[in-house]
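So the structure is just underneath, and the comments pick up after that.
The values are calculated or read from the model by the stated rules, or taken from the named source; none is laboratory data. This is a predicted model, so every value here is computed, not measured. Don't worry about glycine lacking a Cβ; one is built from the backbone with ideal geometry, like all the others, and counts go over all protein chains shown. Each accessible area value is taken on the protein alone, full model and side chains, heavy atoms only, with ligands, DNA and RNA left out. Shrake-Rupley method; radii C 1.70, N 1.55, O 1.52, S 1.80 Å.
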Amino acid sequence: MEIAGSGDLFLPADDSYLALARNRKLLADEFPLARMQAVVVVPKGNPKGIKRLADLLTGDVRVAQASPDAAAIGKLTREALLASGDWDKLHARTTVYKTTVNEVASDVKVGAVDCGIVFDAVLHDYDTLEAVAIPELAAAQAHIAAAVLKSSKQPQQALHLARYLASRDKGLARYKEFGFQPIDGDAWNERPEITLYAGSMLRPAIEQTITAFEEREGVRVTRVYNGCGILVAQMKAGQVPDAYFACDSEFMNQVSAIFPESQDVSQNELVILVQKGNPHGIRSLADLTKKGLRVGVGHEKQCAMGWLTQRTFTESGLKTELMENVVVQTPTGDMLVNQMRSGSLDAAVAYLSNAAGAAEHLDAIRIQGIPCSVATQPFGVAKDSANKQLAARLLEAIRAQPSQERFKSEGFHWLDPVQP
């Protein structure tokens, strides 16, 4: 792949080879498929009574392994047993090293050895053998995935085939039939559709990414943009999307039972929006209490911005005085920007990203010394979504470098993913 620069899909037997290709910048998209577990293979009935690693170390047990330098199973076995401190003991008791995992199984089948270490999927082709799962090898797993190559001249068709391989009622059904342990894949659909709920302030940062995602994957993403308070109310009423991109963690926490594994993506801060040139001389929240000033804020119950604004006002110690000048509360920051541009407001408290799109007409004054004025935006995939894998790939697209640059240009601060 690296030398010839050709190919559309890469389907190795172990994810360590995907890692090599990924490090060499050869992969565009990856589709998890299944896993294989390292087990001890023995003749049917387990005549040597093998249950643990210690049973392989007795004098009358002949052991076969695949070479750690030639086969994925050998490499994974060595890594797992080096971690537990057992590798040297097993190495000393190994009768023979073979080139491939199938050769190990064949040696056990013909009686050349009493047992061997193989992947469980290999046993599909050996009806006279059985697998023994020993605790010392629990961590030795190979993860199978298909990857679309950057060199592909037909990436849409390659993605289409990869989605077919990763569908639970198509490719994954065959993996299961042949002894693999498939992932919880999506159901097959020629042109699947997912629904995304997202806070309105995220729209400028993600819309271009979603459009490109639709074109590349041959799918449809139905977007519902609104204030997060309104979106949460819809979800609590039973309208559950495949994915939710919240304006602030508080509004993800309110539906955490639906999205139990959300990931923080970005941050945005509240600012004071004023007319270009700041004619009223506003420098801080305290200045918003000036007599006769017309101030707009987000609606506390309808959007994360409004909820965060009320917290910030409370933390400032000026909430009562500030609210006396509030003449409008809206469900989105865009509405506040429109009212500022029309001249019906003198100032508004909105997100920095709202200001980024109106820099020709408005200035943004940072709110100093109040940590709660910063909002964190998490993305979650619904646990009961029928298209979890597709929704997860949408998150990958949002985390990609071109998307990061769009977020930053819209006034967001980027957060790197937390490694498990």
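Couplings for the range 163-173, taken from phi via the Karplus curve 6.51 cos²θ - 1.76 cosθ + 1.60 with θ = phi - 60°, read 5, 5, 4, 8, 8, 5, 9, 10, x, 5, 4 Hz in order; Gly and Pro are left as x.
Just check the range 1-57 against the gyration tensor rule for me: Cα atoms, a ≥ b ≥ c as the square roots of the eigenvalues, rounded for a/c under 1.5, and otherwise prolate or oblate depending on whether a/b exceeds b/c. Prolate. What does the C-alpha gyration tensor say about the overall shape of the range 347-388? Classify as rounded when a/c is under 1.5, otherwise prolate if a/b is larger than b/c, or oblate. It is oblate, given that a/c is not under 1.5 and a/b is not larger than b/c.
Per residue, the average separation of C-alpha pairs within less than 8 Å and at least 6 apart gives the chain a relative contact order of 17 percent.
Angle between the Cα long axis of helix 203-217 and the longest principal axis of the chain, 0 to 90 degrees, nearest 10? Orientation of helix 203-217: about 30 degrees from the principal axis.
My understanding is that a pair violates if its Cα-Cα distance is over 26 Å; which of Lys51/Lys170; Lys176/Lys388; Lys236/Lys388; Lys150/Lys176; Lys291/Lys408; Lys75/Lys153 do that in this structure?
In this structure, Lys51/Lys170; Lys150/Lys176; Lys291/Lys408; Lys75/Lys153 exceed 26 Å between Cα atoms.
Here the accessible area of the chain is 50 percent carbon and sulfur, with a 1.4 angstrom probe and all protein chains present.
Summarising the overall dimensions of the range 150-248 from its C-alpha atoms, the Rg and Dmax are 16.7, 48 angstrom. Once the 1.4 Å probe is applied to the protein heavy atoms, the chain comes out at 46 Å² accessible per residue. The angle between the Cα long axis of helix 304-316 and the longest principal axis of the Cα atoms of the chain comes to about 70 degrees, rounded to the nearest 10.
What are the GluC sites (Glu not before Pro) within the range 312-420 that DSSP puts in a loop, where the Cβ has at most 14 other Cβ atoms within 10 Å? Counting only loop positions with at most 14 other Cβ atoms within 10 Å, the GluC sites (Glu not before Pro) in the range 312-420 are Glu360. Who wins for biggest fluctuation among Met323, Met36, Met305 in a Gaussian network model of the chain, springs between alpha carbons below 10 Å? Highest fluctuation of the listed residues: Met323. Taking the C-alpha atoms only, the angle from helix 333-342 to the longest principal axis of the chain is near 30 degrees.
With Cα atoms defining each centre, the range 55-71 and the range 157-201 are spaced 38 Å apart in the structure. Comparing Pro68, Pro378, Pro279 in a Gaussian network model of the chain (Cα springs below 10 Å), the most mobile by mean-square fluctuation is Pro279.
Rounded, prolate or oblate: which one fits the range 296-344, using the alpha carbon gyration tensor with axes a ≥ b ≥ c (rounded when a/c is under 1.5, else prolate when a/b beats b/c, else oblate)? Oblate shape, in that a/c is at least 1.5 and b/c is the bigger or equal ratio.
Both numbers refer to the Cα atoms of the chain; Rg and Dmax are 28.6, 94 Å.
Looking at the range 242-348 alone, DSSP beta bridges between its own residues are antiparallel in about 25 percent of cases.
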